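The values are calculated or read from the model by the stated rules, or taken from the named source; none is laboratory data. For clarity, every value in this text was computed on a predicted model and none was experimentally measured. Don't worry about glycine lacking a Cβ; one is built from the backbone with ideal geometry, like all the others, and counts go over all protein chains shown. SASA here: full protein model, heavy atoms, side chains in, ligands and nucleic acids out. Shrake-Rupley method; radii C 1.70, N 1.55, O 1.52, S 1.80 Å.
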Amino acid sequence: MGAILQSLGRTVTAGIVVLVVMLAAAGTFGKMGDHAWAAFFMRYLHVLSGVMWIGILWYFNFVQIPSMPKIPDEQKPAIGKVIAPAALFWFRWAALSTMVTGLLLATMNGYISALATFQAPYTAIAIGMWLGLIMGFNVWAIIWPNQKKALGIVQVEAAEKAAAARTAMLFSRANTLLSIPMLFCMVAQQNGGL
């Protein structure tokens, strides 16, 4: 077991194997062709992606950003050159995966048109989808391009680097702000919370 848990790849693979065994034991494989099961599995992928996206967003805002002033200057390159680029890789791809699976789920369940109309009974999910799409736009069009400058992936002058770091932080904070009502709307749709 220790060999499995010492490798992230083996740990994730083991998690998938446990899931497949659970599905087989429950006799779920016969249901996989059903629309309802396919929509459920898309929702699972959407939630899985969303947990990674929002988890990393909250890591940045609740842990990394507040901790940076406390880290000695000689140790900061480890964050900027190793940890932040890796976290940003998973962050931006989890954002894209969350958006794609969410739009596929909305299409599969027939409420994609609610995205444009906010029609009842899909008002909550439409609001949540728009908030998520705005957040996804922020990740790809504002946060990531500015983080590349702030981390030195793209070379810019010191003043532009500092401005880019501030812009990335402010839009990351905006996404944290938007994540609170977005998550509420996502849960509210199925549970009568709005």
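Take every pair of alpha-carbon atoms less than 8 Å apart whose residues are at least six positions apart; their mean separation over the length of the chain yields a relative contact order of 21 percent. Solvent-accessible surface of region 78-193, taken per residue with a 1.4 Å probe and all protein chains present: 51 Å². A crude spin-label estimate for the pair Ile134 and Leu19, with each label 7 Å from Cα along the Cβ direction, gives 3.1 nm.
Based on C-alpha pairs under 8 angstrom that are at least 6 apart in sequence, region 131-194 has a relative contact order of 36 percent. Surface composition of the chain: carbon plus sulfur atoms hold 72% of the accessible area, using a 1.4 angstrom probe and ignoring ligands, DNA and RNA. Think of the chain as having a plus end and a minus end, set by charges on the Cβ of Lys, Arg, Asp and Glu; of Gly152, Leu178, Gly132, Gly152 sits farthest toward the positive end of this dipole. Taking the longest Cα principal axis of the chain as reference, the axis of helix 8-25 is set at about 10 degrees.
Let me check against my output: what whole-number percent is the relative contact order of region 31-120, with C-alpha pairs under 8 Å and at least 6 apart? Before the final figure, lay out the partial values.
Working: 44 pairs, mean separation 44.1, N = 90.
Computed over region 31-120, the figure is 49 percent.
Given charges of +1 on the Cβ of Lys and Arg and -1 on the Cβ of Asp and Glu, with all other atoms neutral, how large is the dipole of region 59-159 about its Cα centre, in debye to the nearest 20? My answer is approximately 80 debye.
Ranked highest first by the average count of other Cβ atoms within 10 Å around their residues, in what order do 117-125, 138-146 fall?
On the way: 117-125: 15.3, 138-146: 18.8.
For the peptides 117-125, 138-146, the packing ranking is 138-146, 117-125.
Sequence-ordered 3J(HN,Hα) estimates for region 116-125 from the Karplus curve with 6.51, -1.76 and 1.60 and θ = phi - 60° stand at 8, 10, 6, 5, 5, x, 10, 4, 4, 5 Hz, glycine and proline given as x. The charge dipole of the chain, taken about its Cα centre with unit charges on the Cβ of Lys, Arg, Asp and Glu (plus for the first two, minus for the last two), comes to roughly 200 debye.
By the scheme Lys and Arg +1, Asp and Glu -1, what is the net charge of all other residues having a beta-carbon under 13 Å from that of Ala164?
Numbers: positive: Lys148, Lys149, Lys161, Arg166; negative: Glu157, Glu160.
Residues close to Ala164 contribute a combined charge of +2.
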